Every structure is written in C-alpha cells, then in structure tokens.
Amino acid sequence: MKSRSEALLTPRARITGVIYLTYFLSAILAAVIKVHEPIIYSNIVNLVGNMFYIIVTLLFYYMFKPVNKLVSFVAALFSLVGCAVGTLDLFDLAPSSISPLLFFGPYCVLLGYLIFQSTFLPRFLGVFMMFAGLGWLVFLSPLEKYLSLYIEIIGISAEGSLMLWLIVMGVNMQRWDKLAGSILNKNKEE
C-alpha cells in the first residue's frame, strides 16, 4: 500500500515536470512571437511563463525540503527574485544592470546541490544542473560572447533532462519517504 506522501508526491513530481515543460514551451513561443508579432504578445506569453516558473519553484521547494530545508528555501528565494526581475524587465521597470540570470544561476547551482544530495533523483542530474547554473553566471561575464552557444546547450540540456526525468520517471518514493520520515522523527524529538 502506498504511503500518504507517496500518493501525493509521485503525481506531484510528474506534474512538476509537466509544468516545467509548459514553462519551456512558453519561453520558446515568446521568442518566436517576439520576432513576428508586436512585443506586447511576447511579453504576455513571457508573463504566463514566469507564472509557470513560480509554480515550478514552489513545487521544487516542497520536493527538496526534506533534503535541506534552508538550502531549498534559499534556492526558492533566488528563483522567485529572478522571476520578479524578469517580470519587471518585461515592463521596463527593472534596473538595467540586473539580469534575471544573476538569480537563476545560483538557483540552478543550489537545485543541483539538492538533487545531488537527495538520493531520490540521479546524481548526474544534480551535477548537470550545477554546471548549468555556473554557465548562466558565466553568461553574465565578458566570456559570454565566446561561450554563449555552449552555455545555452548545457543549460537547456540540464534543465530539459531534469524536466523529462520528472515526467517519465518521477522520483524514488522510498528514498523520499525515508528523508521526509527522518525529518518528522527529528522534529518530534525536539
């Protein structure tokens, strides 16, 4: 018989992957629309995409809270601030010197760390996400003009791999339950 958390998290992991995919598709659509239509349509699609990313961020926070509550919280904060900066940028309200990648880079690094430590997802996904996060930060440097294609390939491949893994495989529920159970037992003892 499935545990209560397994009944909740198994579909939630897959839903996280689907929402992540929806975000990716909306970002691609916004880029295509930006070339062919007035910018307002692209901004609307980007705004919807940002809402999907906020939902993904909150789902990841819940998923990785048993691994390390503080790191999961800090990662979520980085992502939410990145979404806020990206949204403000759509309306030309963000300071021009602040790129959302300044927040999404650390978010990917922290998310990669959480994945690597989790044991309920493959460690290679964590390493891949940490490289993606570092790449997004390099994207903000002068090296970007030489490495942008490689950074984009690593970033999209890493995030795409995580998204597809969640959709197809989900998470190892026995390991997630073990982590969540040890947190509950620790809290009861305190």
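Where a number appears in this text, it was derived from the coordinates with a stated rule and is not lab data. This structure is a prediction, so every number in the text was calculated from the model and none was measured. Note: ideal-geometry Cβ built from the backbone for every residue, glycine included; neighbour counts use all protein chains shown.
Out of everything in the stretch 69-95 that is under 20 Å from residue 180 (Cβ atoms) and of a type in the set (A, V, I, L, M), what residue ends up being surrounded by the fewest Cβ atoms within 10 Å (Cβ to Cβ)?
Only one residue fits best here, namely 70.
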What helices (runs of 4 or more DSSP H), lying completely within the stretch 56-147, carry at least 2 residues that are touching a Pro at 6+ places or on another chain (Cβ under 6 Å)? 69-90
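Kindly check whether there is at least one residue in the stretch 34-42 that is of a type in the set (Ser, Thr, Tyr) and within 14 Å of the chain's Cα centre (by Cα).
Of the stretch 34-42, the ones of a type in the set (Ser, Thr, Tyr) are 41-42.
Still in the running and within 14 Å of the chain's Cα centre (by Cα): none.
Within the stretch 34-42, none of the residues are of a type in the set (Ser, Thr, Tyr) and within 14 Å of the chain's Cα centre (by Cα).
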Is it the case that the stretch 28-44 has a residue that's assigned to a helix (DSSP H, G or I) and under 30 Å from residue 175 (Cβ atoms)? no
Output the qualifying pairs, or none if there are none: Cβ atoms under 7 angstrom, residues six or more apart or on different chains, first residue in the stretch 141-155 and farther than 13 Å from residue 128 by Cα, second residue assigned to a helix (DSSP H, G or I). 144/138; 147/138
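Hey, among 33, 98, 39, which residue is farther than 20 Å from residue 128 by Cα, without any contact (Cβ under 8 Å) to a residue 12 or more places away in the chain and out of contact with any strand residue (DSSP E or B) (no Cβ under 6 Å at 6 or more places or on another chain)?
On the way: 33 fails: without any contact (Cβ under 8 Å) to a residue 12 or more places away in the chain; 98 fails: without any contact (Cβ under 8 Å) to a residue 12 or more places away in the chain.
Result of the check over 33, 98, 39: 39.
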